[in-house]
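*Asks:* Handing you a structure now.
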Amino acid sequence: MILITGATGNLGKSAIDFLLKEVQPEQVAALVRDPKKAEALQSREVQLRQGDYEDYDSLLKAFKGVKKLLFISTSVTGEDRNRQHSNVVKAAKEAGVQHVYYTSIVNPSPDATFGATPGHFFTEEQIKKSGMTYTFFRNNLYMDLIPMLTANAAETGELYFAAGEQRAGFVLREDIAEGIVRTMLSEEGKNQEFTISSPQPYSFYDVGVALSKAAGKPVKYIPIPTQSMEEGMKGAGVPAPVIEITVNMADALQKGEFDHTDSTLARLLDREPVDLETFIKQLYSM
Ligand SMILES: NC(=O)c1ccc[n+]([C@@H]2O[C@H](COP(=O)([O-])OP(=O)(O)OC[C@H]3O[C@@H](n4cnc5c(N)ncnc54)[C@H](OP(=O)(O)O)[C@@H]3O)[C@@H](O)[C@H]2O)c1
């Protein structure tokens with residue numbers, strides 16, 4: 001039995017889609033925090049198991065009989081993340097899970113600027129200590145986030161962002177999901193860490209070029225200081241939590257925390273991952 005956590009989220013849904021192309025639904029279980037959100041999954045005939053990372057007993061029950069666990073990281077950071085993830089790891093161990101596949105982040109470290117990164121470092125350590133077989137997918141930033149970061153740049157022709165000259169190895173969430181599922185169904189990855197990044201890094205100048213080609217008019221990237229970006233977002237009425245995440249991401253980008261490239265994802269997919277220009281072109285053709 002393979003269980004996917006975060007099954008009502010983007011990555012989890014995508015992983016289930018890829019899994020069901022290869023295995024029977026009876027072999028797949030989905031952990032859902034709120035069964036009311038799981039209507040789409042019901043029609044897929046996978047086993048629905050209720051569980052909340054905050055509720056150890058619910059996890060222990062949900063993980064019974066599971067051999068392979070895709071553990072998708074929580075939405076929260078800091079101490080809340082560490083507590084939730086400790087529950088998941090302990091419950092998986094106690095329930096007899098054999099192999100944990102965990103969605104981590106590039107270059108996990110306890111003192112990174114990016115808010116989610118220390119929690120990934122902590123979780124990797126917990127999983128290693130547990131003695132379960134593990135595979136870590138150290139994911140770079142989702143390419144899917146770019147439309148949120150570029151706002152209406154394609155209309156105005158000006159892309160203001162606070163990433164300086166820095167680059168990131170953006171990857172499409174669907175490619176990550178496919179790479180994870182292919183690994184889970186193979187004998188690959190035992191006690192290994194995979195860096196999941198694009199084979200080439202992308203700066204925000206590259207994002208501007210991709211937007212220009214897709215929109216058919218020039219879009220220029222204009223690097224701005226983080227404080228100006230924050231003030232601009234406040235002035236535009238962007239909600240405070242979104243500003244906080246965006247500012248933190250920009251600071252981490254400026255420090256080069258996402259400037260990683262890697263060929264592992266291409267190897268897992270047996271093809272090149274979707275590149276930035278193709279992704280943005282597809283967005284504009286919809
Ligand atoms: N690399 C990146 O650029 C990047 C960007 C954003 C996020 N992430 C990380 O990657 C993860 C997956 O991405 P995504 O796009 O699929 O995120 P998402 O769509 O927000 O999905 C998150 C999933 O986690 C579940 N979840 C959250 N808290 C939980 C809890 N206490 N107990 C059980 N389940 C819980 C959510 O359940 P509900 O549906 O009930 O909320 C949802 O199914 C995120 O959770 C985050 O850790 C990475």
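*Asks:* Please pick out the residue among ALA240, ALA236, ALA252 that is surrounded by 14 or more Cβ atoms within 10 Å (Cβ to Cβ), among the small types (Gly, Ala, Ser) and out of contact with any Cys (no Cβ under 8 Å at 6 or more places or on another chain).
*Replies:* Values: ALA240 fails: surrounded by 14 or more Cβ atoms within 10 Å (Cβ to Cβ); ALA236 fails: surrounded by 14 or more Cβ atoms within 10 Å (Cβ to Cβ).
After applying the criteria, what remains is ALA252.
*Asks:* All but one of (1) among the hydroxyl-bearing types (Ser, Thr, Tyr); (2) more than 10 Å from the ligand (Cβ to nearest atom); (3) within 30 Å of ILE245 (Cα to Cα) hold for SER43; which doesn't?
*Replies:* The single condition SER43 does not satisfy is (3).
*Asks:* Name, by its number, the condition in (1) acidic (Asp, Glu); (2) within 18 Å of ALA95 (Cα to Cα); (3) not in a loop (DSSP other than H, G, I, E, B) that does not hold for GLU54.
*Replies:* Condition not satisfied by GLU54: (3).
*Asks:* Among the residues of the range 202-211, count how many are touching a Lys or Arg at 6+ places or on another chain (Cβ under 8 Å) and either free of Cβ contacts under 8 Å to residues at least 24 places away in the same chain or surrounded by 21 or more Cβ atoms within 10 Å (Cβ to Cβ) (or both).
*Replies:* Looking only at that region, the number is 3.
*Asks:* So how many residues does the range 168-192 have that are within 15 Å of the ligand (Cβ to nearest atom) and open to solvent by 40 Å² or more (accessible area, probe 1.4 Å)? If you could, list the steps in order and put the result at the bottom.
*Replies:* So the first thing to find is which residues in the range 168-192 are within 15 Å of the ligand (Cβ to nearest atom), and the list is 168-181.
Applying the additional criterion that residues be open to solvent by 40 Å² or more (accessible area, probe 1.4 Å) yields 173-174.
Number satisfying all stated conditions: 2.
*Asks:* In the set LEU19, LEU70, which member is within 24 Å of ASP144 (Cβ to Cβ), assigned to a strand (DSSP E or B), more than 8 Å from the ligand (Cβ to nearest atom) and touching a residue at least 40 places away in the same chain (Cβ under 8 Å)? I'd like the intermediate steps shown before the answer.
*Replies:* Values: LEU19 fails: assigned to a strand (DSSP E or B).
Selected residue: LEU70, the only one of LEU19, LEU70 that is within 24 Å of ASP144 (Cβ to Cβ), assigned to a strand (DSSP E or B), more than 8 Å from the ligand (Cβ to nearest atom) and touching a residue at least 40 places away in the same chain (Cβ under 8 Å).
*Asks:* Restricting attention to the range 85-110, which residues are open to solvent by 40 Å² or more (accessible area, probe 1.4 Å), at negative phi, touching a residue at least 24 places away in the same chain (Cβ under 8 Å) and touching a helix residue (DSSP H, G or I) at 6+ places or on another chain (Cβ under 8 Å)?
*Replies:* Once the filter is applied, which keeps residues that are open to solvent by 40 Å² or more (accessible area, probe 1.4 Å), at negative phi, touching a residue at least 24 places away in the same chain (Cβ under 8 Å) and touching a helix residue (DSSP H, G or I) at 6+ places or on another chain (Cβ under 8 Å), the range 85-110 yields LYS90, LYS93, GLU94.
*Asks:* Which numbered condition trips up VAL76, out of (1) open to solvent by less than 20 Å² (accessible area, probe 1.4 Å); (2) among the hydrophobic types (A, V, I, L, M, F, W, C); (3) within 11 Å of the ligand (Cβ to nearest atom)?
*Replies:* The failed condition is (1).
*Asks:* Any idea which residue in the range 1-35 is most open to solvent (accessible area, probe 1.4 Å), counting only those that are over 21 Å from LEU60 (Cα atoms) and of a type in the set (D, E, K, R)?
*Replies:* LYS21
*Asks:* Would you be able to say whether some residue in the range 269-282 is within 19 Å of the chain's Cα centre (by Cα), farther than 20 Å from TYR205 by Cα and in a helix (DSSP H, G or I)?
*Replies:* There is at least one residue in the range 269-282 that is within 19 Å of the chain's Cα centre (by Cα), farther than 20 Å from TYR205 by Cα and in a helix (DSSP H, G or I).
*Asks:* If you take the residues in the range 203-236 that are out of contact with any strand residue (DSSP E or B) (no Cβ under 6 Å at 6 or more places or on another chain) and hydroxyl-bearing (Ser, Thr, Tyr), which one is nearest to GLU277 (Cα to Cα)?
*Replies:* Ranking the qualifying residues of the range 203-236, first place goes to SER212.
*Asks:* For ASN82, indicate whether it is more than 10 Å from the ligand (Cβ to nearest atom), under 20 Å from the mean Cα position of the chain (by Cα) and open to solvent by 70 Å² or more (accessible area, probe 1.4 Å).
*Replies:* On the way: more than 10 Å from the ligand (Cβ to nearest atom): yes; under 20 Å from the mean Cα position of the chain (by Cα): yes; open to solvent by 70 Å² or more (accessible area, probe 1.4 Å): no.
The answer is no for ASN82.
The values are calculated or read from the model by the stated rules, or taken from the named source; none is laboratory data. The shown structure was predicted, so the numbers you read here are calculated from the model rather than taken from an experiment. Heads up, the Cβs are rebuilt from the backbone with ideal geometry, glycines too, and the neighbour counts pull from every protein chain shown. Note: accessible area is taken over every heavy atom of the protein model, side chains too, but ligands, DNA and RNA are not part of it. Shrake-Rupley method; radii C 1.70, N 1.55, O 1.52, S 1.80 Å.
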